[in-house]
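S.K.: Structure in structure tokens, see below.
The values are calculated or read from the model by the stated rules, or taken from the named source; none is laboratory data. Note that the coordinates shown come from a computational prediction; the quantities given were computed from them, not determined experimentally. FYI the Cβ positions are ideal-geometry reconstructions off the backbone, even for glycines, and counts take in every protein chain you see. These area figures cover heavy atoms from the full protein model, side chains too; ligands, DNA and RNA do not enter into them. Shrake-Rupley method; radii C 1.70, N 1.55, O 1.52, S 1.80 Å.
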Amino acid sequence: MLPAAKYEVFMDENIKLPLVKLDHIALMPGTIMHFDLKSKDAVLAIDFALKAKSEVLFVASRTGDINSNNRESLYNVGTIGTVRRLIKLGDNLMRAAVEGLGRAKIGEIVSAEPFCICTYEPIPDVTAAITDTEEKAMRSYILELIAQYLKVNPKLTDLFSSISKAADLTYIVNELMSQFPMPLENRQGLLEAESFRERYDKLLSVIKDETEILRLKSDLSQRVKSKLDQNQKEYIMREQMKAIREELGEDDTVSEADQFYAQCDALEADDSVKEKIRKEIKRFKTISGNSSESVVSRGYIETLLALPWNKKDPDFINLAKAAKILDDDHYGLEKVKERIIEFLAVRSLTTKGQIPILCLVGPPGTGKTSVAKSIARALDKKYIRVALGGIRDEAEIRGHRRTYVGALPGRIATGLKNAGVKNPLILLDEIDKVSSDYKGDPASALLEVLDSEQNSRFVDHYVEIPIDLSDVLFIATANTVQTIPRPLLDRMELIEISSYTLDEKVHIAKEHLVPKQLKRNGLSSKQLVFNKSALSQMILGYTREAGVRSLERRIGEVCRKVARELLEDEKTSGKALTEDEAKQILDTKERITVSTGNLEHYLGKVKYVTDKEKHKNEIGVVTGLAWTSVGGETLQVEVNTMPGKGKFELTGQLGDVMKESAHAGISFIRSVAGKYGIEPGYFESTDIHIHLPEGAVPKDGPSAGITMATAMLSAITGKKVRGDVAMTGEITLRGRVLPIGGLKEKIIAAKTAGIKTVILPEKNRRDTEDISAEILNGVNLVFVNNMDEVLKTALVK
């Protein structure tokens, strides 16, 4: 150290003192403080003060930068202190013991080398008269606050012991100002207080604030610690459970449960659904992995997670594109296409409209199932087919309850799961083939599914959570509505798909069936073509159906035989051919054209030939028209009369309704016997036998009433019936003719059989307006009201 005389030039006036800047601490009057000297100028200033026996100004730095000589970085009020001792702790590290004497206002820094010297102005304490009683109260209160503080911070116990023994309030306040933990700003504020009372009040406020802060911190710490303790406890328990499960070989259960939880969090579903799934997962975790119950619970959770609760495909609304897809896939079926385009039009205007529930009714092979696929493609919807044929258990629709072994969700819920979205197109195929037994009635279960007012909360017995089916487009197919229960039928919008005409079948064959079969059999139009006459001959001579399924099989049969014919070669006989080699051979062959001339070569003899004999005028033989689930048919009604005792016999496997029609017909004839010259007593002495050929085929219905009545009257009177006439209609006891159904199919059957005149009920006249001109062309339709008009046309004059 240098001698103090070296610095006397700086201390020529009494208003100047060496300045030591403090880092985040403040020296309080009347207290002794020990602190490390962190800067070189502080060491020089303290050293000088010791040698010169000078006092020192101690002031706190606002910024914490004790190396800065900027006056603005220092507080305005500091403390005048005297250095008691200076201790060297190690290399370049000094510690000073300083006693605070009084407060001072800091002036200007007049010198910065080799240490700071500044001017100052002592600040005297503003004294205020405090009585002994008041001083005791103030001492007691501040000690009480410190005691409360110690409850949350026991570290100040030694300080409390020290000050609690002191009687001087000033000493207590100064010690607390110096040693009580508080921010520098608060400590500096206490130092700058002008009077002792102000200093006391500020100190009370600081103690209260710090006590409350520590209490809040303690509460937060306790809550966090409690939570951590709980988490730690759960972690330990999980690890123990994991170890136990590993020992038992059940460690997969927990990992599966975690996967289920993750899938549940990512699931697009309502909170109520997720809560149900989480509850089931929690239960699954407690079940032994080797038990059968674990398998049931796992399957149930997987089903719930796989269902598309709120997942939807966006609606595809493009009328022109949808119409084009429907037209490209199917010829005709205008009513179906029109209804789908109407649905799309409404959907483009509002999303609140109800989705239609359609039922396509028509003979087999008319494209009901395939048109549903086309509708799904046109609407850009997932396609799910649910086959209902032969179903007799209600659980097939609603699902099995989980209490049963091998329980599964119903076909509707399974269809949604397979689709992956809540708005697919679901085809209910063969809905008319649903039956019932002691296990329940599936048709009754379908009532809720197909009711747009109820199916928004459809409950599957297995799932047990309501499923929203209101966005599903249901399309049902049926061959007849006769076997569909009335309440179920009432919930669907019926669209009839009638039999195809010859021209329609030719179009369908050329545009769809032939290309399909060529591709399926590895051929192309370069190797095989069908001319129109061949297709017409194939339809008339080799098929008898309302649809085109048998026609497609015949086309496929021709394709197979042509493929064999093209590949049969002496050079390749017995040699295995690759696909490429076979195609190369086909490319070298001449194209085969199937015509009426060589059709018999591929399909054999014609199976269906129009029997011209049937068109002869005969007594007691009349051509009737019938509707079946596979289209229209002609049937012969034959009547013989013979001497007997008035016996009336019906054969040909006739149903009850048809038998009743025969009895109504004979009753009508007996009532008008005199009009047609029938002798009295004829019916008592003559047996009448009615027979409908093809006895192995069941027949029923009232539409053959006028046919049987005409045949009986012809046989009784001996008058011939025209062979080119066919008829259909229900008869009453008074001879009135009532309307029938299946008109289009019956007219097609008559035309196919070569019939020129068809007798129909007058009330069916309006139904012919919807029949195309192609069908009616070449057929003379005669509309009648009663049997007299029927006989006028049918009997040979």
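S.K.: Step by step: first the residues of region 630-660, then only those that are open to solvent by 50 Å² or more (accessible area, probe 1.4 Å) and outside any strand (DSSP E or B), then the one that is modelled with the lowest pLDDT. Which residue is that?
M.R.: Val630
S.K.: When you go through Thr351, Thr369 one by one, which is the residue that is surrounded by fewer than 20 Cβ atoms within 10 Å (Cβ to Cβ), more than 20 Å from Asp770 (Cα to Cα), among the β-branched types (Val, Ile, Thr) and modelled with pLDDT of 80 or more?
M.R.: Thr369
S.K.: In addition: Consider Glu210 carefully, then state whether it is more than 60 Å from the chain's Cα centre (by Cα) and open to solvent by 20 Å² or more (accessible area, probe 1.4 Å).
M.R.: Numbers: more than 60 Å from the chain's Cα centre (by Cα): no; open to solvent by 20 Å² or more (accessible area, probe 1.4 Å): yes.
Spelling it out, it is not the case that Glu210 is more than 60 Å from the chain's Cα centre (by Cα) and open to solvent by 20 Å² or more (accessible area, probe 1.4 Å).
S.K.: Separate question: Report whether or not Ala376 is surrounded by fewer than 22 Cβ atoms within 10 Å (Cβ to Cβ) and aliphatic (A, V, I, L, M).
M.R.: Criteria met by Ala376.
S.K.: Looking at Gln232, Gln188, Gln240, which is the one that is touching a strand residue (DSSP E or B) at 6+ places or on another chain (Cβ under 8 Å) and of a type in the set (S, T, N, Q)?
M.R.: Gln188
S.K.: Which residues, taken from region 288-318, are more than 30 Å from Ile375 (Cβ to Cβ), of a type in the set (Val, Ile, Thr) and touching a residue at least 12 places away in the same chain (Cβ under 8 Å)?
M.R.: Those that are more than 30 Å from Ile375 (Cβ to Cβ), of a type in the set (Val, Ile, Thr) and touching a residue at least 12 places away in the same chain (Cβ under 8 Å): Val296, Ile301.
S.K.: Only one of Ala147, Ala137, Ala167 is farther than 30 Å from Thr63 by Cβ, out of contact with any strand residue (DSSP E or B) (no Cβ under 6 Å at 6 or more places or on another chain) and not in a helix (DSSP H, G or I); which?
M.R.: The conditions single out Ala167.
Table: residues versus (1) open to solvent by 50 Å² or more (accessible area, probe 1.4 Å); (2) in a helix (DSSP H, G or I); (3) modelled with pLDDT of 80 or more.
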residue	(1), (2), (3)
Glu246	yes, yes, no
Phe260	no, yes, yes
Arg278	yes, yes, yes
Arg283	yes, yes, yes
Pro308	no, no, yes
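S.K.: Step by step: first the residues of region 753-775, then only those that are assigned to a helix (DSSP H, G or I) and out of contact with any strand residue (DSSP E or B) (no Cβ under 8 Å at 6 or more places or on another chain), then the one that is least open to solvent (accessible area, probe 1.4 Å). Which residue is that?
M.R.: Ile775
S.K.: While we're here: Of the residues that make up region 718-734, is at least one of a type in the set (Lys, Arg), within 16 Å of Ala664 (Cα to Cα) and either out of contact with any Asp or Glu (no Cβ under 8 Å at 6 or more places or on another chain) or not in a helix (DSSP H, G or I) (or both)?
M.R.: Among the residues of region 718-734, at least one is of a type in the set (Lys, Arg), within 16 Å of Ala664 (Cα to Cα) and either out of contact with any Asp or Glu (no Cβ under 8 Å at 6 or more places or on another chain) or not in a helix (DSSP H, G or I) (or both), which makes the answer yes.
S.K.: Could you check, for region 325-345, whether at least one of its residues is of a type outside the set (Asp, Glu), free of Cβ contacts under 8 Å to residues at least 24 places away in the same chain and part of a loop (DSSP other than H, G, I, E, B)?
M.R.: Looking through region 325-345, none of the residues is of a type outside the set (Asp, Glu), free of Cβ contacts under 8 Å to residues at least 24 places away in the same chain and part of a loop (DSSP other than H, G, I, E, B).
S.K.: For the condition open to solvent by 50 Å² or more (accessible area, probe 1.4 Å) and modelled with pLDDT under 85, what is the one hit in Arg402, Arg385?
M.R.: Every option except Arg402 fails the conditions.
S.K.: Any idea which residue in region 248-258 is farthest from Ser291 (Cα to Cα), counting only those that are of a type in the set (A, V, I, L, M) and at pLDDT below 70?
M.R.: Keep residues of region 248-258 that are of a type in the set (A, V, I, L, M), which gives 248, 254, 257.
Applying the additional criterion that residues be at pLDDT below 70 yields 248, 254.
Details: Leu248: 12, Val254: 15 Å.
Filtering region 248-258 for residues that are of a type in the set (A, V, I, L, M) and at pLDDT below 70, the one farthest from Ser291 (Cα to Cα) comes out as Val254.
S.K.: Still on this structure, I have one more. Any chance you could count how many residues in region 734-748 are open to solvent by less than 10 Å² (accessible area, probe 1.4 Å) and either farther than 27 Å from Ala673 by Cβ or charged (D, E, K, R) (or both)?
M.R.: Within region 734-748, residues that are open to solvent by less than 10 Å² (accessible area, probe 1.4 Å) and either farther than 27 Å from Ala673 by Cβ or charged (D, E, K, R) (or both) number 2.
S.K.: Right, next: Which of the residues spanning region 430-475 are open to solvent by 40 Å² or more (accessible area, probe 1.4 Å) and in a strand (DSSP E or B)?
M.R.: Hit for region 430-475 is Asp437, nothing else.
S.K.: Sticking with this structure for a sec: Would it be correct to say that Arg103 is surrounded by 12 or more Cβ atoms within 10 Å (Cβ to Cβ), touching a Gly at 6+ places or on another chain (Cβ under 8 Å), farther than 13 Å from Val20 by Cα and among the basic types (Lys, Arg)?
M.R.: So Arg103 fits the description; yes.
S.K.: Among the small types (Gly, Ala, Ser), surrounded by 22 or more Cβ atoms within 10 Å (Cβ to Cβ) and in contact with a His (Cβ under 9 Å, 6 or more places away or on another chain): is that true of Ala96 in this structure?
M.R.: Against the criterion (among the small types (Gly, Ala, Ser), surrounded by 22 or more Cβ atoms within 10 Å (Cβ to Cβ) and in contact with a His (Cβ under 9 Å, 6 or more places away or on another chain)), Ala96 qualifies.
S.K.: Of everything in region 684-704, what is of a type in the set (A, V, I, L, M) and assigned to a loop (DSSP other than H, G, I, E, B)? Give them in sequence order.
M.R.: Result: Leu692, Ala696, Val697, Ala704.
S.K.: Could you grab me the full set of residues in region 61-72 that are open to solvent by 10 Å² or more (accessible area, probe 1.4 Å) and small (Gly, Ala, Ser)?
M.R.: Result: Gly64, Ser68.
S.K.: Consider region 324-348. How many of its residues are farther than 23 Å from Glu745 by Cα and open to solvent by less than 30 Å² (accessible area, probe 1.4 Å)?
M.R.: 6
S.K.: Go through region 22-60 and give me each residue that's open to solvent by less than 20 Å² (accessible area, probe 1.4 Å) and touching a Ser or Thr at 6+ places or on another chain (Cβ under 6 Å).
M.R.: Within region 22-60, the first condition is being open to solvent by less than 20 Å² (accessible area, probe 1.4 Å), and the residues that meet it are 22, 26-28, 31, 35, 37, 39, 42, 45-49, 56-60.
Selection gives Leu27, Met28, Thr31, Phe58.
S.K.: Answer with yes or no whether Glu175 is surrounded by 13 or more Cβ atoms within 10 Å (Cβ to Cβ), of a type outside the set (A, V, I, L, M, F, W, C), free of Cβ contacts under 8 Å to residues at least 60 places away in the same chain and closer than 30 Å to Arg215 by Cβ. Working first, answer last.
M.R.: Numbers: surrounded by 13 or more Cβ atoms within 10 Å (Cβ to Cβ): yes; of a type outside the set (A, V, I, L, M, F, W, C): yes; free of Cβ contacts under 8 Å to residues at least 60 places away in the same chain: no; closer than 30 Å to Arg215 by Cβ: yes.
For Glu175, the condition - surrounded by 13 or more Cβ atoms within 10 Å (Cβ to Cβ), of a type outside the set (A, V, I, L, M, F, W, C), free of Cβ contacts under 8 Å to residues at least 60 places away in the same chain and closer than 30 Å to Arg215 by Cβ - is not met.
S.K.: Just give me the residues in region 779-797 being out of contact with any helix residue (DSSP H, G or I) (no Cβ under 7 Å at 6 or more places or on another chain) and either assigned to a loop (DSSP other than H, G, I, E, B) or at pLDDT below 85 (or both), in sequence order.
M.R.: Result: Val796, Lys797.
S.K.: It is to be established whether one or more residues within region 661-682 are closer than 30 Å to Tyr500 by Cβ and either open to solvent by less than 20 Å² (accessible area, probe 1.4 Å) or not in a loop (DSSP other than H, G, I, E, B) (or both).
M.R.: yes
S.K.: Separate question: Specify the residue that is modelled with the lowest pLDDT; the eligible residues are those in region 683-711 that are open to solvent by 50 Å² or more (accessible area, probe 1.4 Å) and of a type in the set (A, V, I, L, M, F, W, C).
M.R.: Among residues in region 683-711 that are open to solvent by 50 Å² or more (accessible area, probe 1.4 Å) and of a type in the set (A, V, I, L, M, F, W, C), the one modelled with the lowest pLDDT is Ala696.
S.K.: Sticking with this one: Check whether at least one residue in region 385-394 is within 19 Å of the chain's Cα centre (by Cα), in a strand (DSSP E or B) and touching a residue at least 12 places away in the same chain (Cβ under 8 Å), and report yes or no.
M.R.: Yes, there is a match, as at least one residue in region 385-394 is within 19 Å of the chain's Cα centre (by Cα), in a strand (DSSP E or B) and touching a residue at least 12 places away in the same chain (Cβ under 8 Å).
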